[in-house]
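Undergrad: The structure is given below, and queries will be raised subsequently.
Just so it is clear, none of the values below were taken in a lab; they were calculated from the coordinates. Note that the structure is a prediction, hence the values are computed from the model and not measured. Cβ placement follows ideal geometry from the backbone for every residue including glycine, while neighbour counts extend to all protein chains displayed.
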Amino acid sequence: MFNTNIYIDADEKKVNEINAFSEDYKAFLGNAKIERQAVKEVVKLAKEKGFKDLSDATTIKAGDKLYKVNKNKNVILFVVGKKPITSGLRILGAHIDSPRLDLKMQPLYEDNGFTLLDTHYYGGIKKYQWVTTPLSIIGVIYKKNGEKLEVSIGEDENDPVFGIGDLLIHLASSQMSKEASKVVEGEDLDVTFSSRRSKDKDVKEYIVDLLKEKYDITLDDFISAELEVVPSMKPRDYGIDRSMIAGYGHDDKVCAYPSVRAILDMKIVEYTSCVILTDKEEIGSVGATGAHSQFFENSVAELLIKSNDNNYYSLKQALENSKMLSCDVTGALDPLYSSASDKKNASYFNKGISFEKYTGARGKSQANDSNAEYISFIRKVMDENNIYYQFAELGKVDKGGGGTIAYILAKYNMDVIDAGVPVLNMHAPMEIIAKADLYEAYLAYKAFLNS
């Protein structure tokens, strides 16, 4: 149903389904704050549904359920369809990285009785939002001998948390006169790590010995580490009616999770179903685990070869004949900042999944602009399956904008359109989504894979 509030028609059964799905999502979101955790959670869910590692398969047939992991930060899932792979795939593509702070390679330093960790912010953030917020440190450290140490401090309720200090209001008159982009500088987003010292050691020496004693690591081991600083809050219901979820990382796990659940529920499909979860979207989809990587193309090639088709042109046919939803969030209209949106073309809470014909900025710069024929196809699929959906764009013309992975996959000449969940406070440490939109995205993704 186009542009209609879900709760107008929802009966008790539907509301119960929305709430149950939301509880599952909250558990996933709380366990998958960084991309490595997300991959582990997705593989766990896939294995429980009978998915096998594509690398271990020698041949494949219709109905096979397969997954493949790329460098622990990128994963792809397939359900092989009855039609030849060259007929095209039905693809859901989302990303599992989120804006955050990364520790620098040599992060630890001492200043005025504190040890601090130097960071470099990742993705587009309002830097002032990250001060005085309880933070966790999550990631991996690889020692020189190849030994792997998984790190997660601040997530358990018995853990300490970390934070970034701010200047007290009593002394902040100069700071308060700055532009918002300059109130907190990027180089000042340093995490307070400790203040304790022993009788015969300064603060830094004390921490170096503590790290050696507790984790058996040295300062040099930070060089081969990937440690991410993220909000330590757990996902929580939001609003007196519990209709929303507050949490970190909705962008874009609120689309990744229903995508995964949709393909896990596939049994027999006509066209091969695919979910690709990428990394690095927040910094341009670059690198070996971003959407620009050859991992997706290579995985489809492997699928073809193991179905006894190693013709290079078959790969090109399969990709060109595919249809894709770029499953990424969009900005919901915020009543406090409604002037930034064109209300006729904005995304609203509780109206379902939001399709965007184009993204980009200004004159549709770097946009994937979907064609009318494909939009007609999408409308038909949604209406035939009684899905609640809306069409929108991100903000007024020349107010700003943003991009997704849509244009990257469109280079294969496949049909692509953005389709995701509206979000408030996007890229903030605490983002907000509506439970009904989350569930409707899941239903929409299932309908698309079955189309």
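Undergrad: Any idea how far apart residue 374 and residue 316 come out in nm if each label point goes 7 Å out from Cα toward Cβ?
TA: Result: 2.0 nm between the two label points.
Undergrad: Determine, for 59, 115, 133, 278, the number of other Cβ atoms within 10 Å of each Cβ, and report the residues in order from fewest to most.
TA: Ascending Cβ contact count within 10 Å gives the list 59, 133, 115, 278.
Undergrad: If I fit a long axis through the Cα atoms of helix 372-384 and take the longest principal axis of the Cα atoms of the chain, what angle between them do I get, 0 to 90°, rounded to 10?
TA: Helix 372-384 sits at roughly 90 degrees to that axis.
Undergrad: Rounded, prolate or oblate, given the Cα gyration tensor of region 4-69, with a/c below 1.5 counting as rounded?
TA: Judged from the Cα gyration tensor, region 4-69 comes out oblate (a/c at least 1.5, b/c at or above a/b).
Undergrad: Where Lys and Arg each count +1 and Asp and Glu each count -1, what net charge lies around residue 223 among other residues with Cβ under 14 Å from its Cβ?
TA: -2
Undergrad: Would you mind working out the magnitude of the charge dipole of the chain relative to its Cα centre, with +1 at each Lys and Arg C-beta and -1 at each Asp and Glu C-beta, to the nearest 20 Debye?
TA: 1040 debye
Undergrad: Among 292, 250, 120, 170, what is the fewest-to-most ranking by other Cβ atoms within 10 Å?
TA: 170, 120, 292, 250
Undergrad: Determine the dipole magnitude for region 101-231: charges of +1 sit on the beta-carbon of Lys and Arg, -1 on that of Asp and Glu, nothing else is charged, the reference point is the Cα centre, and the result goes in debye to the nearest 20.
TA: So the dipole magnitude of region 101-231 works out to roughly 240 debye.
Undergrad: Give the cross-link partners of residue 343 among the lysines, using a straight C-alpha distance below 17 Å as the criterion and excluding same-chain residues fewer than 8 apart.
TA: Straight-line reach from residue 343, under 17 Å: 351, 357, 396, 399.
Undergrad: A further question on this structure: Most exposed first by the Cβ proxy, i.e. fewest other Cβ within 10 Å, how do 358, 445 rank?
TA: 358, 445
Undergrad: Just want to confirm a number: the relative contact order over the chain, from Cα pairs under 8 angstrom separated by 6+ residues, in percent.
TA: After rounding, I find 23 percent.
Undergrad: Right, another one. Suppose each label sits 7 Å from its Cα in the direction of the beta carbon; what would the residue 294-residue 391 distance come out to in nanometres?
TA: 3.8 nm
Undergrad: Relative to the longest principal Cα axis of the chain, at what angle does helix 35-48 sit, 0 to 90 degrees, rounded to 10?
TA: Relative to the chain, helix 35-48 is tipped by roughly 40 degrees.
Undergrad: A further question on this structure: What whole-number volume per residue, in cubic angstrom, does the convex hull of the C-alpha atoms of region 101-231 give?
TA: 123 Å³
Undergrad: In nm, what is the difference between 0.36 nm times the number of residues separating residue 3 and residue 215 and their Cα-Cα distance?
TA: Extending this stretch completely gives an extra 71.0 nm.
Undergrad: How far is helix 295-305 tilted off the main Cα axis of the chain, in degrees rounded to 10, range 0 to 90?
TA: 40 degrees
Undergrad: Spit out the partnerless Cys residues in the chain, using Cβ distances under 4.7 Å as the pairing rule.
TA: Cys with no partner Cβ under 4.7 Å: 274.
Undergrad: While we're here: Around residue 25, under 11 Å between beta carbons, what's the net of Lys plus Arg minus Asp minus Glu among the other residues?
TA: That sum, taken over residues with Cβ under 11 Å, equals +2.
Undergrad: Output the pairs from 267/411; 253/316; 73/411; 40/127 with a Cα-Cα distance over 26 Å in this structure; if there are none, say none.
TA: 267/411; 253/316; 40/127
Undergrad: Can you give the helix-only mean residue ellipticity at 222 nm for the chain, where every DSSP H stretch with n ≥ 4 adds -39500 (n - 2.57) and the sum goes over all residues, rounded to the nearest 500 deg cm²/dmol?
TA: -8500 deg cm²/dmol
Undergrad: What residues of region 432-447 lie in the reach of a label at residue 15, counting those whose backbone N is under 15 Å from a point 7 Å from the Cα along Cα→Cβ?
TA: Taking a point 7 Å out along Cα→Cβ of residue 15, the residues of region 432-447 whose backbone N falls under 15 Å are 435-436.
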